[in-house]
1. For residue 38, are the conditions met, namely being touching a residue at least 40 places away in the same chain (Cβ under 8 Å), at positive phi and touching a helix residue (DSSP H, G or I) at 6+ places or on another chain (Cβ under 7 Å)?
2. Among the residues of segment 25-41, write down those that are modelled with pLDDT under 95 and either closer than 29 Å to residue 80 by Cβ or loosely packed, with under 10 Cβ neighbours inside 10 Å (or both).
3. Which of the numbered conditions does residue 155 fail, given that it passes all the others? Conditions: (1) at pLDDT 90 or above; (2) under 25 Å from residue 233 (Cβ atoms).
4. Scan segment 1-35 for residues that are touching a residue at least 24 places away in the same chain (Cβ under 8 Å), within 28 Å of the chain's Cα centre (by Cα) and farther than 18 Å from residue 71 by Cβ and jot them down.
5. Could you tell me whether any residue of segment 99-113 is farther than 30 Å from residue 194 by Cβ and more than 26 Å from the chain's Cα centre (by Cα)?
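The values are calculated or read from the model by the stated rules, or taken from the named source; none is laboratory data. Just so it is clear, the model here is predicted, and its values are computed rather than measured. Cβ coordinates were reconstructed from backbone atoms using ideal geometry, including for glycine residues, and neighbour counts include every protein chain displayed.
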């Protein structure tokens, strides 16, 4: 690393990785041969214990100053604009550089809309078998084949951290429905998210639409509620 540009991360309450307070004294010799661009602190997104992000950064700035380490630049993450302003006022000689990549690559959910085209519509009667697993239809209705399957991220979901009674209750309810092969799809038709008829295939999904709902036509597009982090697109249109 001799001559390399280096950013040194300190151990935050994330507890992921970083230099511990006890090791700060060892840095003096280590930074002599590198181009130190500054220190960095990676903060958590949620603070369920009521702790304060500004106080955490402030605490580390004081530790670095006490260790006589350079404070010309500090890379920070997951701070609001007013929190960043507070820190800048407290440490006017330090340049705070906010890492905003999460907001950039996840983006504003209102700015995009995901759609899958309807490829086929098939009428089905109660008790009639369908699909890979030859399940019986629970009622009269239609099978809707829509573009978008597991290769696009449909039906795939990263684990979520649940806080509060209501989100946990909803999670239990979803798990219970899944045990009887009732899984809600991300696709919306006639104002409601529709149920998967069976688990999504690699390229397409099959939805079940009850008989009292007019089905879409082939070529119609269904809006889908999908996570930015798990979705792959066949094409992107700028509208």
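1. No: the conditions fail for residue 38.
2. If the condition is that a residue be modelled with pLDDT under 95 and either closer than 29 Å to residue 80 by Cβ or loosely packed, with under 10 Cβ neighbours inside 10 Å (or both), then 29, 32 are the ones that fit.
3. Result: residue 155 passes all but (1).
4. Result: 13, 14, 16.
5. no
So that you can scan it fast, the table gives a plain yes or no per residue for (1) surrounded by 16 or more Cβ atoms within 10 Å (Cβ to Cβ); (2) farther than 30 Å from residue 215 by Cα:
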residue: 58; (1), (2): no, yes
residue: 66; (1), (2): no, yes
residue: 91; (1), (2): yes, yes
residue: 101; (1), (2): no, yes
residue: 111; (1), (2): no, no
residue: 132; (1), (2): no, no
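To keep it simple, each residue is scored yes or no on (1) modelled with pLDDT of 95 or more; (2) surrounded by 15 or more Cβ atoms within 10 Å (Cβ to Cβ).
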| position | (1), (2) |
| --- | --- |
| 183 | no, yes |
| 190 | yes, no |
| 198 | no, yes |
| 205 | yes, yes |
| 215 | yes, yes |
| 220 | yes, yes |
| 230 | no, no |
| 235 | no, no |
| 239 | no, no |
